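The structure appears below as structure tokens.
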Amino acid sequence: MAVIASSAHSPPAFNTARIRRAHRADHIFHALTRVCAGFVLLMFVSLVLSLVLGAWPAFGAYGFSFLWTEVWNPVREDFGAAAPIYGTLVTSILAMIMAVPIGIGIAIFLTELCPRVLRRPIGIAVELLAGIPSIIYGIWGYFVLAPILQQTIQPAFIGFFEGVPILESLFAGPPYGIGIFTAALILAIMILPFITAITRDVFETVPSVLKEAAYGMGATTWEVIWSVVLPYTRSGVVGGAMLALGRALGETMAVTFVIGNAYSISPSLFSPGTTISAAIANEFTEAIGDLYVPALIELGLILFVVTFLVLAAAQFMLYRLELRAGGRS
Amino acid sequence: MNPIYAKRRRRNNMFLGLSVIATLFGLGWLAMILGTLLYEGFSGLDLAIFTQSTPPPGLQGGLLNAIVGSLIMTSLAVLAGTPIGILVGTYLAEYGRYTRLAFVVRFVNDILLSAPSIVIGLFIYELIVVNMGHFSAWAGAAALTVIVIPVVVRTTENMLVLIPNSLREAAAALGATRAHVIRQVTWRAARAGIITGVLLAIARISGETAPLLFTSLSNQFWSADLNAPMASLPVVIFHMALSPYDDWHRLAWSGALLITMAVLLLSIIARVLGSSTQSERS
């Protein structure tokens, strides 16, 4: 013991060169990981910078009126982002309206109702489906869903709402099959497994004592979900839904096939439209001229800013849930 | 029965019934998609897909150049992205867990993780394609790398944070430096989890289309030149599906089936690996 104790004060009796080398290696490794972490920041900053620089000529030419101009005329180099922005927002919001209740319903089924034997298989199936590339949803929508909608559902809607004010213009013909509504439906199907997977994970964080206490007081399953599970997980569910919204806003391939690529804002949901991502995917490689490419890049910049805000809000909500879960355990 | 009880029971049955209907409805769509994909994909699948390059319309052909192009660009992206991603994840979980830099990097990384992939395509276009003056497989691989890094960072950090501190302390008590502890102890303990992250990243990029559209472009012919445009499965599927030719549509479905199979297989392997480490730990 005495030997070890004294060695802490007097010069060490072991190989100092080797220790110094190990320390230097440690410093180098530390610096290396830090440089790589800095690289992620650099990547982000250069992404923003390159979009801003790329969009600069278009910004100079059109200013802020780019945001609310509906024209898109490559020949006269007259560009406005109103139609793609409208299409992006409407398809994403419609998709959320369809997918969020159903996704939460599936999550409720999986956590509260499902027989134990089926719980894992269905859960795994949902998670696997969340990983299927969006182009698969796109070609399915293009070859299968759009013709079905064109022949059955769209004529039925158009006929049904004919003569009803407001709804009549919302579901006005002709039934193309492709268009805003079809794109929203495909988006909804695509983000459904994503919402389900996140919501289920969030539901599972509810401590069972809370649920058992409610059941013990005689609450029904639905009352437990509505008054215990949902309030406890509110910020997580909202955060998950916003992550899904971020995905829907930026989704390219699932939408590009079925949106119809028309630069006009029409009140009818069945009419063709375009979204920011579809416009870029369809036209970027064919864009020529001084302002065409910058206009498309400015569209991309707008998309990035919007998704950034949505994703940052989602991070914030999920972070809050994490803080609380951490505090309780 | 007391009317209040009856009402509560009715509400309960109604909402639970709705959730069952939602499940059937949601899973029904997804089953339809997979069903169509399997049917259309297998009916067009033959040996020529793997031995011949993409044909002009009307002629026999396959997807060989697209498959090889996808493999090349995916491998390059994984080779470049994995080491960086693991080192960043290591910084976030080990050296800089509570630093301000780590906080910012974590936030930025999560944004990049879900940023629209087409925007990443625009970024690489501005950064590489414009500067090189032409489309190339390098640019495509770079775009995919930007997608790989955040995925690997997130899973690596999550896995390293799970390693109990007692392991690190035990190694440090033996006189190991932090670099030693990380490389000899925590990386080893988290190995399966980190590999899971890499597999998930591969699954993620093997179906990515949008970032390749205007970086690697596409190529109708066989090409292994990294300085030239290169075909990739997703982009070829995109062009073929939108073409008016029936035989191209069949090839597109077969390609879609191949991608889906690859993605599902990777996710299943990742899942098996992930669950085996979890059961080891508990």
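Summary table
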| item | result |
| --- | --- |
| Computed label-point distance, nm, for sites A:Leu230 and A:Val305 using a 7 Å Cα→Cβ extension | 3.6 |
| A:Val209/B:Asp247 FRET efficiency (R0 51 Å; Cβ-Cβ; nearest 0.05) | 0.25 |
| Helix A:292-328 vs. chain A, principal-axis angle (Cα, 0 to 90°, nearest 10) | 50 |
| Dipole moment magnitude, nearest 20 debye, the range A:182-302 about Cα centre, only Lys, Arg, Asp, Glu C-beta charged | 380 |
| Potential extension, B:Ile21-B:His239 segment - 0.36 nm per residue separation minus Cα distance | 74.8 nm |
| Sparsely packed chymotrypsin sites (Phe, Trp or Tyr not before Pro) within the range B:63-123, loop by DSSP, other Cβ within 10 Å at most 10 | B:Tyr98 |
| Residue range of chain A that is longest and free of GluC sites (Glu not before Pro) which are both DSSP loop and sparsely packed (at most 16 other C-beta within 10 Å) | A:205-329 |
| Average beta-carbon neighbours from other chains, 10 Å sphere, peptide A:186-193 | 3 |
| Debye log10 I(q)/I(0) for the protein assembly as shown, one point scatterer per Cα, at q = 0.07, 0.10, 0.11 Å⁻¹ | -0.48, -0.95, -1.13 |
| Alpha-carbon spread of the range B:160-282, three principal axes, descending order, Å | 68, 34, 20 |
| Alpha-carbon centroids, the range B:45-60 and the range B:66-120: separation in whole Å | 36 |
| Charge-dipole axis of the range B:119-204 as Lys and Arg at +1 and Asp and Glu at -1 on Cβ define it, positive-most pick from B:Ala192, B:Ala143, B:Tyr125 | B:Ala192 |
| Over chain A: helical MRE at 222 nm, DSSP H runs n ≥ 4 each giving -39500 (n - 2.57), nearest 500 | -22000 deg cm²/dmol |
| Positive-end extreme of charge dipole, the protein assembly as shown - chosen from B:Leu113, A:Ile195, A:Ala25 (charges on Cβ) | A:Ala25 |
| Label point distance in nm, A:Gln151-A:Leu167, each placed 7 Å from Cα along Cα→Cβ | 2.6 |
| Globularity index of the range A:57-197, i.e. its alpha-carbon radius of gyration over 2.2 N^0.38 Å | 1.36 |
| Listed residue (A:Ile93, A:Ile265, A:Ile106) projecting farthest to the positive dipole end of chain A, Cβ model | A:Ile106 |
| Lys, Arg +1 and Asp, Glu -1 on Cβ, resulting dipole of the protein assembly as shown about Cα centre, debye, nearest 20 | 2900 |
| Helix runs (DSSP H) in chain B reaching 18 Å along axis by Cα, Kyte-Doolittle at least -0.5 | B:3-44, B:64-90, B:100-114, B:137-162, B:191-206, B:246-281 |
| Only Lys, Arg (+1) and Asp, Glu (-1) charged, at Cβ; chain B dipole about Cα centre in debye | 1620 |
| Spacing of the two label points (7 Å from each Cα toward its C-beta) at B:Arg191 and A:Ala61, in nm | 5.7 |
| Stokes-Einstein D for chain A, Kirkwood Rh over Cα pairs, 37 °C, 0.692 mPa s (µm²/s) | 139 |
| All-pairs Cα distance distribution in the range A:228-285, expressed in whole percent, bin size 5 Å | 4, 17, 19, 16, 13, 9, 9, 8, 4, 1, 0 |
| R0 of 56 Å, Cβ-Cβ distance A:Val48-A:Arg21: FRET efficiency to nearest 0.05 | 0.85 |
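Read-outs throughout are calculated quantities, based only on the coordinates presented, and are distinct from any laboratory measurement. Quantities reported herein were computed from a predicted structural model and do not represent experimental measurements. We place every Cβ from the backbone using ideal geometry, glycine too, and count neighbours over all the protein chains shown.
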